[in-house]
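Taking it in order: structure first as structure tokens, then the write-up.
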Amino acid sequence: MYKSLSSLDSTVTDFIESSIESTNEQPIVGDVTAPTQEEIRMRAFDSYASQNRAVTKQDYIALCYRMPGSFGSIKRAAIAQDRDSFKRNLNLYVISEDQDGNFINPPTSLLNNLKSWLNQYKMINDTIDILPGKIVNLQIDFEVVTDLESNRFDVINECINRLKT
């Protein structure tokens with residue numbers, strides 16, 4: 001037991017600090033792509049309305065997106081009332097994103113961080129289960145007819161960009 005850091009031998013503390021190692025079993029993952037202008041606008045509006053507390057479903061979603069990136073990031077969040085619960089439980093479904101921009105289920109460490117983050121803002125009688133969302137991969141085949149004056153490659157790229165958003 002020590003009373004202050006200055007009372008300790010600095011060579012010993014330096015040796016101990018330099019010997020400490022840690023390995024992340026699961027890296028903190030999350031949103032690696034920047035949100036679109038529309039997403040920023042909606043998140044700012046929802047955050048302003050939440051007033052640093054979680055009362056409505058929209059408040060919980062806004063708080064998910066406001067969690068500091070050092071804890072991991074949520075790409076998408078949705079919340080629904082659990083119809084099977086006796087306590088009016090809420091189910092919060094979240095999805096993360098890997099470095100390639102693909103949706104992934106968030107690791108347990110991210111779910112725990114999100115739970116701690118939300119506990120600071122939730123109402124005392126709210127019960128929330130944080131669950132990984134279901135990821136559904138869709139393939140869309142489409143054909144585009146352009147007029148003769150349009151650059152067909154520009155039109156196809158614009159169509160693909162619109163489908164991605």
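The values are calculated or read from the model by the stated rules, or taken from the named source; none is laboratory data. This structure is a prediction, so every number in the text was calculated from the model and none was measured. Backbone-built Cβ (ideal geometry, glycine too); neighbour counts: all protein chains shown.
Quick notes on this one:
- The listed residue being assigned to a loop (DSSP other than H, G, I, E, B) and either in contact with a strand residue (DSSP E or B) (Cβ under 8 Å, 6 or more places away or on another chain) or modelled with pLDDT of 65 or more (or both), out of Val12, Val29: Val29
- Residue match in segment 84-102 (condition: assigned to a helix (DSSP H, G or I), farther than 23 Å from Thr36 by Cβ and basic (Lys, Arg)): no
- Per this entry, Arg43 is not counted among residues that are more than 17 Å from the chain's Cα centre (by Cα), surrounded by 12 or more Cβ atoms within 10 Å (Cβ to Cβ) and modelled with pLDDT under 80.
- Restricted to segment 128-137, and to residues there that are modelled with pLDDT of 90 or more and of a type outside the set (Asp, Glu), the residue that is surrounded by the fewest Cβ atoms within 10 Å (Cβ to Cβ) is Lys134.
- Test: residue in segment 60-82 that is of a type in the set (D, E, K, R), modelled with pLDDT under 80 and not in a helix (DSSP H, G or I): no
- Leading residue by the ranking (farthest from Tyr60 (Cα to Cα)) among those in segment 138-165 that are acidic (Asp, Glu) and surrounded by 10 or more Cβ atoms within 10 Å (Cβ to Cβ): Asp154
- All conditions but one from (1) without any contact (Cβ under 8 Å) to a residue 12 or more places away in the chain; (2) part of a helix (DSSP H, G or I) apply to Ile124; the one that does not is (2).
- Restricting segment 89-124 to residues that are within 18 Å of Lys57 (Cα to Cα) and out of contact with any strand residue (DSSP E or B) (no Cβ under 8 Å at 6 or more places or on another chain), the residue that is surrounded by the fewest Cβ atoms within 10 Å (Cβ to Cβ): Ile124
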